[in-house]
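*Asks:* Let me give you the structure first, and then I'll get to my questions.
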Amino acid sequence: MNNLRISLVQGITRWRDPAGNRDYYGDLIGPLHGITDVVILPETFTSGFSNDAIDEAETMDGPTVAWMREQSVALDAAVTGSVQLRTDAGVFNRMLWATPDGDLQCYDKRHLFRYAREHERYSAGRERLTVEWKGWRICPLVCYDLRFPAFARNRYDVERAGALDYDLQIYVANWPAARAYAWKTLLRARAIENLCYVAGLNRVGRDGNDIDYAGDSAVIDFLGHAVSESTDEEVVTTTTLLAQELAAYRERFPAMLDGDAFELK
């Protein structure tokens, strides 16, 4: 496992403007070619967190999925972020993972935000996703999932050469400024308890519901320390995750050996 470069794109998502958002985020990530391995875009980055945008949800054959594939090839990097997508089973808050080799994987947000009535309009996912990229195992999750540690738990697999499920956990979000302390605290908790790096990418600005977002995007290491942190401005940050330091810490402090075995339902 080599070091991994990840780029957090903390932007001001346009309200219910998919084409405008593709242009906007495309301009932000264009300079990342050759300097990153993973590009992370916010939750519902083409529309903002709007329940009403369900009527405009695209399909997997739509322009945003094609755009993500194109960006991945152009940047020679994995590109990930969540989009409202319609399928035969309903509309999902779907996190896409596109790689330059043409592979596309999906994670559907498991925990729908009841406080904003997301659960009344969108379908909930069931399966957690782990992807492999550049020798790293990565678990992509969405916003409210951050509050549910059992679902996000990094399990120790004796049969797989004693490996943990993942090395990096990614959260993309529209996390309001009013609950910023919870965001910052829970990112650190997930990193510490799961012996992994955690990348949390939030948006900034005010949305069409007059909700403010403070950003506070961060990369947290396995000790709970911030490797990089952003404030409340539009910014793209690239951080290098150190593979050997992660492996050495797990060997020195093997808390996973004392964890409880369980299965996710």
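*Asks:* Does the stretch 154-168 include one or more residues that are surrounded by fewer than 20 Cβ atoms within 10 Å (Cβ to Cβ) and under 28 Å from residue 54 (Cβ atoms)?
*Replies:* For the stretch 154-168, residues surrounded by fewer than 20 Cβ atoms within 10 Å (Cβ to Cβ) and under 28 Å from residue 54 (Cβ atoms): absent.
*Asks:* Can you pull out the residues in the stretch 216-265 that are over 23 Å from the mean Cα position of the chain (by Cα) and small (Gly, Ala, Ser)?
*Replies:* 248, 255, 259, 261
*Asks:* Can you work out which of the residues in the stretch 213-265 that are aromatic (Phe, Trp, Tyr) and surrounded by 14 or more Cβ atoms within 10 Å (Cβ to Cβ) is nearest to residue 182 (Cα to Cα)?
*Replies:* Here is the first cut: in the stretch 213-265, the residues aromatic (Phe, Trp, Tyr) are 213, 222, 249, 253, 262.
Keeping just the survivors that are surrounded by 14 or more Cβ atoms within 10 Å (Cβ to Cβ) gives 213, 222, 249.
Numbers: 213: 13, 222: 18, 249: 26 Å.
That would be 213.
*Asks:* Next up: Of the numbered conditions (1) touching a Ser or Thr at 6+ places or on another chain (Cβ under 6 Å); (2) under 25 Å from residue 115 (Cβ atoms), residue 47 fails exactly one; give the number of that condition.
*Replies:* (1)
*Asks:* Let me ask something else. Kindly indicate the residue of the stretch 46-69 that is of a type outside the set (A, V, I, L, M, F, W, C) and within 19 Å of the chain's Cα centre (by Cα) and also surrounded by the most Cβ atoms within 10 Å (Cβ to Cβ) among those meeting that condition. Give the derivation first.
*Replies:* Let us first name the residues in the stretch 46-69 that are of a type outside the set (A, V, I, L, M, F, W, C), namely 46-48, 50-52, 55-56, 58-59, 61-64, 69.
Cutting the leftovers down to within 19 Å of the chain's Cα centre (by Cα) gives us 46-48, 50, 64, 69.
Values: 46: 30, 47: 26, 48: 25, 50: 18, 64: 22, 69: 18.
The residue in question is 46.
*Asks:* If a residue has to be surrounded by 20 or more Cβ atoms within 10 Å (Cβ to Cβ) and either part of a helix (DSSP H, G or I) or basic (Lys, Arg) (or both) to count, how many in the stretch 23-39 make the cut?
*Replies:* To start, the set of residues in the stretch 23-39 that are surrounded by 20 or more Cβ atoms within 10 Å (Cβ to Cβ) comprises 25, 29, 32, 36-39.
Next, only the ones that are either part of a helix (DSSP H, G or I) or basic (Lys, Arg) (or both) stay: 25, 29, 32.
Matching residues across the stretch 23-39 total 3.
*Asks:* Considering only the stretch 217-232, state which residues are in contact (Cβ under 8 Å) with a residue 40 or more places away in the chain and either of a type in the set (Ser, Thr, Tyr) or in a loop (DSSP other than H, G, I, E, B) (or both).
*Replies:* 217, 228, 230, 232
*Asks:* Take the stretch 1-21 and flag every residue that is over 16 Å from the mean Cα position of the chain (by Cα) and surrounded by fewer than 20 Cβ atoms within 10 Å (Cβ to Cβ). Lay out the reasoning, then the answer.
*Replies:* If we filter the stretch 1-21 for residues that are over 16 Å from the mean Cα position of the chain (by Cα), which is where we start, we get 1-3, 12, 14-21.
1, 2, 3, 12, 15, 16, 17, 19, 20 - these are the residues of the stretch 1-21 that are over 16 Å from the mean Cα position of the chain (by Cα) and surrounded by fewer than 20 Cβ atoms within 10 Å (Cβ to Cβ).
*Asks:* Let me ask something else about it. Which of the residues belonging to the stretch 72-97 are outside any strand (DSSP E or B) and either within 17 Å of the chain's Cα centre (by Cα) or surrounded by 24 or more Cβ atoms within 10 Å (Cβ to Cβ) (or both)? Before the answer, list the steps.
*Replies:* Initial filter on the stretch 72-97 (outside any strand (DSSP E or B)): 72-77, 88-89.
72, 77 - these are the residues of the stretch 72-97 that are outside any strand (DSSP E or B) and either within 17 Å of the chain's Cα centre (by Cα) or surrounded by 24 or more Cβ atoms within 10 Å (Cβ to Cβ) (or both).
No value in this document is a laboratory result; all are computed from the given coordinates. Here the structure is a predicted model, which means the values were calculated and not measured. When we count neighbours, we look across all protein chains shown, and the Cβ atoms used for this are built from the backbone with ideal geometry, even at glycine.
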